[in-house]
Amino acid sequence: MPITPKNLVRHELIGLKVKVVKSTEKTQRGLTGVVIDETYNTLKIETRKGEKTVIKSNCVFIFTLPDKTKVQVDGKVLVGRPENRIKKKFLY
């Protein structure tokens, strides 16, 4: 199934370009890179300055899909094990 704005949160995030547009941590605002790992509470992002780990629930992200579509996602909906996210029900 191709990744779309509606099903992004139910897909693998590793490999997607991401930008942190809002964060409770001032130093993380504007952080851009590629998602290289994901845990229950965090995303690890490869930036030009190295790897950075951000807490999902503290951030709002913009993901760039393979077709260049940009999708804004509140990190709170991403909290959880990646393999369990596909089981969640989301209202669009």
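Every read-out reported here was derived from the displayed coordinates using simple, explicitly stated rules and does not represent laboratory data. None of the values given here were measured: they were computed from a predicted structure. As a convention, Cβ positions derive from the backbone with ideal geometry for all residues, glycine included, and neighbour counts pool all protein chains shown.
Being on the phi > 0 side of the Ramachandran plot and of a type outside the set (Asp, Glu), is that true of even one residue in segment 45-59? The answer is yes, given that some residue of segment 45-59 is on the phi > 0 side of the Ramachandran plot and of a type outside the set (Asp, Glu). The set of residues from segment 40-54 being under 15 Å from PRO82 (Cα atoms) and either touching a residue at least 24 places away in the same chain (Cβ under 8 Å) or in contact with a Phe, Trp or Tyr (Cβ under 8 Å, 6 or more places away or on another chain) (or both) comprises TYR40, ASN41, LEU43. Note on segment 22-77: among residues that are assigned to a helix (DSSP H, G or I) and among the hydroxyl-bearing types (Ser, Thr, Tyr), the one that is surrounded by the most Cβ atoms within 10 Å (Cβ to Cβ) is SER57. When segment 15-35 is filtered for residues that are out of contact with any Leu (no Cβ under 9 Å at 6 or more places or on another chain) and among the hydrophobic types (A, V, I, L, M, F, W, C), the ones remaining, listed by number, are VAL21, LEU31. Scanning segment 6-17 turns up one or more residues that are assigned to a strand (DSSP E or B), within 11 Å of the chain's Cα centre (by Cα) and touching a residue at least 24 places away in the same chain (Cβ under 8 Å).
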